[in-house]
Amino acid sequence: MVFFLINLIILLTVITVIIILIQGAIYVPSSNKAIETIITLSEVKKGDRVADLGSGDGRIVIEFAKKGAKVTGFEINPLLVLISRINMRKKRLEGNAVIYWKSYWGTDLSKFNIVTVFGIDYIMKRLKKKLKKELKPGSKLLINIFPFPNWEYIHKENGVYLYKI
């Protein structure tokens, strides 16, 4: 029985890694400076609707929720989702923040007025099309490290790019 459980855990781990590698970037945490810059450049107000695409360990979600925004994180790594949810619970932010274990590619993002992402260069062209199609005029995009190709940003600071629809 123990042998079976160990093999099942190994199999699930391998499948999870394959899914993560196929669907998106590996986890690289944002620096604290980048998170501060994202919050500052967003000019977030209480009640803003924020999406963090590839929310990782949830630190960006938590910081926006502390400012009173309604924040939704999307993460495909189940371990990071668990860590995020634990950290949100510790800070008692469940009312303002939620992390979904799912890909954002199949999600309609039109209800959000601020979107953040720490993507990787090979997804940015496709992501740009999705966001331009779904987000309303005036929506803010805060991109960490990898800018959108052929799209003029409004401001760049500490590796964070600010765009507006």
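Each value in this text was obtained by applying a stated rule to the coordinates, not by laboratory testing. Keep in mind the model is a prediction, meaning the values are calculated, not measured. Ideal geometry is used to build each Cβ from the backbone, glycine not excepted, and the neighbour counts take in all protein chains shown.
Of the residues making up the range 95-111, those that are of a type outside the set (Ser, Thr, Tyr), within 24 Å of residue 28 (Cα to Cα) and touching a residue at least 12 places away in the same chain (Cβ under 8 Å) are 97, 98, 99, 101, 102, 105, 109.
Do the conditions hold for residue 102, that is, is it among the basic types (Lys, Arg) and under 28 Å from residue 121 (Cα atoms)? Yes, satisfied. Restricting attention to the range 38-50 and to residues that are surrounded by fewer than 24 Cβ atoms within 10 Å (Cβ to Cβ) and hydrophobic (A, V, I, L, M, F, W, C), the residue that is farthest from residue 71 (Cα to Cα) turns out to be 41.
Scan the range 147-165 for residues that are crowded, with 16+ Cβ neighbours inside 10 Å, assigned to a loop (DSSP other than H, G, I, E, B) and touching a residue at least 40 places away in the same chain (Cβ under 8 Å) and report the count. Lay out the reasoning, then the answer.
First, pick out the residues of the range 147-165 that are crowded, with 16+ Cβ neighbours inside 10 Å: 147-148, 159-163.
Next, from what is left, pick out any that are assigned to a loop (DSSP other than H, G, I, E, B): 147-148, 159.
Then drop every residue that is not touching a residue at least 40 places away in the same chain (Cβ under 8 Å), which leaves 159.
Of the residues in that region, 1 qualify.
Of all residue pairs spaced 6 or more apart or on separate chains, those with beta-carbon atoms under 6 Å, a first member in the range 120-144 that is buried (at least 20 other Cβ atoms within 10 Å of the Cβ) and a second member that is of a type in the set (Gly, Ala, Ser) and part of a helix (DSSP H, G or I) are 140/42; 142/42; 144/34.
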